[in-house]
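A.B. asks: Pasting in a structure now, in structure tokens, and then I'll have a few things to ask.
The values are calculated or read from the model by the stated rules, or taken from the named source; none is laboratory data. Here the structure is a predicted model, which is why all the values come from computation and not from measurement. When we count neighbours, we look across all protein chains shown, and the Cβ atoms used for this are built from the backbone with ideal geometry, even at glycine. Each accessible area value is taken on the protein alone, full model and side chains, heavy atoms only, with ligands, DNA and RNA left out. Shrake-Rupley method; radii C 1.70, N 1.55, O 1.52, S 1.80 Å.
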Amino acid sequence: MKQTSAYQILLTLSLFVNAGLIVAIIFTALRKSDYSDIINTDVCTTGQSDIRIVVSDNDREWETLSSNPSANKKARKPKQYENVFKDLTKEEIWAVLDYMYKVHDLGLVKPYEANVTDNSILFVELYVPNKAEVLAYLSGNSSRPLRQAKVVTLEPLASPPRVMEYVVTPLPNPTMHFPNPRRVKQVPFRVRPPGNAEMAALVTLLRSYMRPQMEELLKELYGASFVDCADRCLTITATPVSTAFSLERRIWVQVLYQVEFSTLYPVGLQFLVNSQTSNTENWRIEKIQFTNLTFASFDDLMEQHQKGLLPKISVHYPQPKGEASHIAGMLSLRGQFFPSEPLAKPRQYQPNGNRFSIREQRVTYHQWQFSWRMSVVSGIQLFDVTYANERVVYELSLQEVVVLYSGANPVVSFSQIMDSYLGLGAHAHGLMPDVDCPEYATFQDTVLLTELFNEPHVYPSAVCLFEHNTQTPLRRHKSNSFSSGFFYGGLVDTVLVLRTCYTLFNYDYLVDFVFHNNGVLETIVRSSGYIIGSLRSTAEAPFGFRVHDDLLGNLHQHLFNFKVDVDVVDAGNRYQTLDLQVDNRSWPWTPPGQPFYQTTMRKNLRRTEKSAALRHDASSGLTYHVLYNEKLKERTQNWRGYRILNKSPSVLVNPENFGQDQSLRWARWQLAVTRRKEQEEFSSSMYAQFDAADPVVDFQNFIDDNEDIVDQDLVAWVTVGMHHIPHAEDVPNTATPGKELTFALIPFNFFGEDPSMASRDAVRVDAETENNSLKMERYGMPPFTTVYHLPTTTQLS
């Protein structure tokens, strides 16, 4: 746990390393005569003298572990919970780097020294151990699983060029590596995520086109340029083209004004780059898009301009209007200030400090316990979630974030972005106290190794945890009847929130896991940030509204996929839907022959994976989805289960569109339940942006083998989403109200009664009618700190 000082806040702000960093590198380099300084040559060495391995074993007692599992014949339970899911430490990452750079056959070059033709490390993170090993260890039947790392490398020098995933083991002193057994399909080099070396090569290409004549044309058309632009500069964003539409590696580049914030100020100029080969000298610009006209080259564009054949445009460098000191994209205060005086807003506080604890990324909160970690690719993950010492969820994790734009220009229409290619975990940091999280929240850093840095890097305030009083009753009742009594009983819904936020250039996605004291676990996603827009035109009109000046806000769809590995009692579960239907039978107490309409339910046990894959449907609220354990039915007269309630089903306009992008086929399903397999670890991958024609991970295969799912280890794949038609109030920023997407895991006959009945936060008031008095019970909690007027017996009765 740590408190957040003003210095840490400034440090956090200075470390907003995201997709914008790569773009900023390109923009800066375009304006310099020599682009070589964008590659940081201050490389940290990984020689033996620079490595410090720290192993603390003070709080546990273990038998000696061998890299050969069969050699671990004896095992002891840990004295304390040993979190096998915690992220790699700096020391462990350094040890992995030292080992990998000594593997001569790989010939790895440090990222900031690498070209596109060099083998290099893309990222390093924890290799999560197999579930069977973890469960055996947690039950005391086996030794702790080996601690291992997953290392992803770019290998253009291999034959054929490829991306490789390795498991490096054992930590903290690795001695061997082998291909990731969960990656069953080889990853071709052409589907790699764009990296620093590729962006640097793109800079070189763009500079070669920015001749003086082209710069003069840009100044004439837009009043700004790339080179020697002073305070009126142009910038770019890049949109990778999915292989659903191009079998070669292509990127559409859009030109915008470099102001706050660039996506609100497109100028209507775009160009298509072909970067198929690893030989960057063969890269080329294939097309130029100017408004609604397409040209084969910049020379063609300039020739048409000289002939006066280009359409007139009314695009001007953004300037404050009138006496204003801001432009529309700036997040600066303006308008009629409120409140009229600077009066502080309401705040919560914790009179006794935290009522939760954290040890090695393992959180304990009342009856809840869970571990969290941050995947470089897919972001936040929860593991081994228990309530009252019973496992509820083995894994709850974000899988993919997708935004699908629509428009009448190539950049926007091809903006079908699978954001994991950017590395979600590396874009989660910089949570701001008193805005993103309460001031009293506990902020947690993450340590990751990506190609952005040559060494393990601390991402400050990547996660926050806080207990939150929702000021809403979790349950309550006031009884005022002689038949049942005169009393009040209630419990405020106080929750623990684990929150992170991914800033993916223009959009911000806040993800909450909310732990209620009655065993309910909610997952909430909220969207904010800047929209992407286009120059307003007749062709763009069907795709959005004018939101500011000449800007049209293009309609788009957000989709989020989560993995929910529910373990009710154990890993042998069933999936059943309770389908609500109309019952129109006549009854002995109704008029003869007259139908009496009621709602009834039909229990539908889903026996195979195909029967358990449910499309997006506007009527989905008529179905309960329950994962349950049948084994205890004889003893308890009922099965025990958890219901999955999707409060935000995304109804797709045309689900079949996802047939053309096979890496997106998980998006067809609002909910799909499959048998758990280690090889089906994720529904998507960081290669999904470029591999749509032949995806590395094809989620449809999880379903199409149609395995039996009765009394099996099951995983539910949940998709939430929304359509967003931007409006004027989305400028400058999209607001979170109305942008909340939620699904909940709700105990369904899991407990004998409401488990929150054990909470000391409850309040009970009884009316003692004999002496006309009231008795309040606070269960040992401190009395109210504010003046509180008890209800009179008359009010209670």
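A.B. asks: Taking Val402, is it buried (at least 21 other Cβ atoms within 10 Å of the Cβ) and not in a helix (DSSP H, G or I)?
C.D. replies: Criteria met by Val402.
A.B. asks: Additional query: Out of the residues in region 601-618 that are in a strand (DSSP E or B) and not polar (S, T, N, Q), state the one that is surrounded by the most Cβ atoms within 10 Å (Cβ to Cβ).
C.D. replies: Here the residue is Ala613.
A.B. asks: Would you check if Gln276 is touching an Asp or Glu at 6+ places or on another chain (Cβ under 8 Å), more than 28 Å from Ala224 (Cβ to Cβ) and of a type in the set (S, T, N, Q)?
C.D. replies: For Gln276, the condition - touching an Asp or Glu at 6+ places or on another chain (Cβ under 8 Å), more than 28 Å from Ala224 (Cβ to Cβ) and of a type in the set (S, T, N, Q) - is met.
So that you can scan it fast, the table gives a plain yes or no per residue for (1) open to solvent by less than 50 Å² (accessible area, probe 1.4 Å); (2) within 25 Å of Asn554 (Cβ to Cβ); (3) in contact (Cβ under 8 Å) with a residue 24 or more places away in the chain:
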position	(1), (2), (3)
Gln258	no, yes, yes
Thr263	yes, yes, yes
Ser278	yes, no, yes
Glu286	yes, yes, yes
Gly308	no, no, no
Gly322	no, no, no
Ser325	no, no, no
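A.B. asks: Okay, moving on. Which count do you get for residues in region 335-360 that are surrounded by 10 or more Cβ atoms within 10 Å (Cβ to Cβ) and either over 32 Å from the mean Cα position of the chain (by Cα) or touching a residue at least 60 places away in the same chain (Cβ under 8 Å) (or both)?
C.D. replies: 8
A.B. asks: Same structure again: Please enumerate the residues belonging to region 488-502 that are modelled with pLDDT of 95 or more and either under 18 Å from Ala441 (Cβ atoms) or touching a Leu at 6+ places or on another chain (Cβ under 7 Å) (or both).
C.D. replies: Selection gives Leu491, Val492, Asp493, Thr494, Val495, Leu496, Val497, Leu498, Arg499, Thr500, Cys501, Tyr502.
A.B. asks: What number of residues within region 227-253 satisfy the criterion of being farther than 26 Å from Arg665 by Cα and either open to solvent by 10 Å² or more (accessible area, probe 1.4 Å) or assigned to a loop (DSSP other than H, G, I, E, B) (or both)?
C.D. replies: 8
A.B. asks: While we're here: Identify all residues within region 434-458 that are in a loop (DSSP other than H, G, I, E, B) and touching a Pro at 6+ places or on another chain (Cβ under 9 Å); write none if there are none.
C.D. replies: Of everything in region 434-458, those that are in a loop (DSSP other than H, G, I, E, B) and touching a Pro at 6+ places or on another chain (Cβ under 9 Å) turn out to be Glu439, Tyr440, Ala441, Glu451, Leu452, Phe453, Asn454.
A.B. asks: A follow-up question, please. Select from region 170-198 the residues that are part of a helix (DSSP H, G or I) and out of contact with any strand residue (DSSP E or B) (no Cβ under 8 Å at 6 or more places or on another chain) and write down the one among them that is farthest from Ile121 (Cα to Cα).
C.D. replies: Residue satisfying both the conditions and the ranking: Arg190.
A.B. asks: Counting only residues that are of a type in the set (Phe, Trp, Tyr) and over 19 Å from Asn409 (Cα atoms), which one in region 531-566 is surrounded by the fewest Cβ atoms within 10 Å (Cβ to Cβ)?
C.D. replies: Among those residues, the one meeting the criterion is Phe562.
A.B. asks: Cβ-Cβ distance below 8 Å, separation of 6 or more or different chains: which pairs start in region 427-440 with a residue that is under 13 Å from Pro346 (Cα atoms) and end on one that is open to solvent by less than 20 Å² (accessible area, probe 1.4 Å)?
C.D. replies: Final answer for the pair search is Pro438/Phe466.
A.B. asks: Scanning region 432-483 for residues that are open to solvent by less than 30 Å² (accessible area, probe 1.4 Å) and among the acidic types (Asp, Glu), which turns out nearest to Leu126 (Cα to Cα)?
C.D. replies: Filtering region 432-483 for residues that are open to solvent by less than 30 Å² (accessible area, probe 1.4 Å) and among the acidic types (Asp, Glu), the one nearest to Leu126 (Cα to Cα) comes out as Glu451.
A.B. asks: Another one. So which residues in region 182-210 are in contact (Cβ under 8 Å) with a residue 60 or more places away in the chain, open to solvent by 10 Å² or more (accessible area, probe 1.4 Å) and farther than 30 Å from Val168 by Cβ?
C.D. replies: Thr204, Leu205, Arg207, Tyr209, Met210 - these are the residues of region 182-210 that are in contact (Cβ under 8 Å) with a residue 60 or more places away in the chain, open to solvent by 10 Å² or more (accessible area, probe 1.4 Å) and farther than 30 Å from Val168 by Cβ.
For every residue, the table says whether it meets (1) in contact with a Cys (Cβ under 8 Å, 6 or more places away or on another chain); (2) open to solvent by 20 Å² or more (accessible area, probe 1.4 Å); (3) closer than 21 Å to Glu681 by Cβ; (4) of a type in the set (D, E, K, R).
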{"position": "Leu97", "(1), (2), (3), (4)": "no, no, no, no"}
{"position": "Lys110", "(1), (2), (3), (4)": "no, yes, no, yes"}
{"position": "Phe123", "(1), (2), (3), (4)": "no, no, yes, no"}
{"position": "Leu135", "(1), (2), (3), (4)": "no, yes, yes, no"}
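A.B. asks: On the basis of being open to solvent by 50 Å² or more (accessible area, probe 1.4 Å) and of a type outside the set (Phe, Trp, Tyr), does Ser297 make the cut?
C.D. replies: Criteria not met by Ser297.
A.B. asks: Got a sec? Which of Pro737, Pro783, Pro791 is at pLDDT below 90, open to solvent by 40 Å² or more (accessible area, probe 1.4 Å) and not charged (D, E, K, R)?
C.D. replies: The match here is Pro783.
A.B. asks: Filtering region 405-421 down to residues that are open to solvent by 10 Å² or more (accessible area, probe 1.4 Å) and part of a loop (DSSP other than H, G, I, E, B), which residue is modelled with the lowest pLDDT?
C.D. replies: Phe414
A.B. asks: Can I ask one more? In this structure, is Ser420 free of Cβ contacts under 8 Å to residues at least 12 places away in the same chain and closer than 30 Å to Gly268 by Cα?
C.D. replies: No: the conditions fail for Ser420.
A.B. asks: While we're here: Applying the selection to region 508-518, what residues are within 21 Å of Glu260 (Cα to Cα) and open to solvent by less than 10 Å² (accessible area, probe 1.4 Å)?
C.D. replies: Tyr509
A.B. asks: Could I ask something else about it? Considering each of Trp666, Trp717 in turn, give the residue that is open to solvent by less than 10 Å² (accessible area, probe 1.4 Å), modelled with pLDDT of 95 or more, under 27 Å from Ser528 (Cβ atoms) and not acidic (Asp, Glu).
C.D. replies: Trp717
A.B. asks: Mind listing whichever residues of region 134-168 are of a type in the set (S, T, N, Q) and farther than 15 Å from Asn180 by Cβ?
C.D. replies: Ser139, Asn141, Ser142, Ser143, Ser159 - these are the residues of region 134-168 that are of a type in the set (S, T, N, Q) and farther than 15 Å from Asn180 by Cβ.
A.B. asks: Oh, and also: Within region 669-695, take every residue that is outside any strand (DSSP E or B) and aromatic (Phe, Trp, Tyr) and give me the one that is surrounded by the most Cβ atoms within 10 Å (Cβ to Cβ).
C.D. replies: Out of the qualifying residues, it is Phe690.
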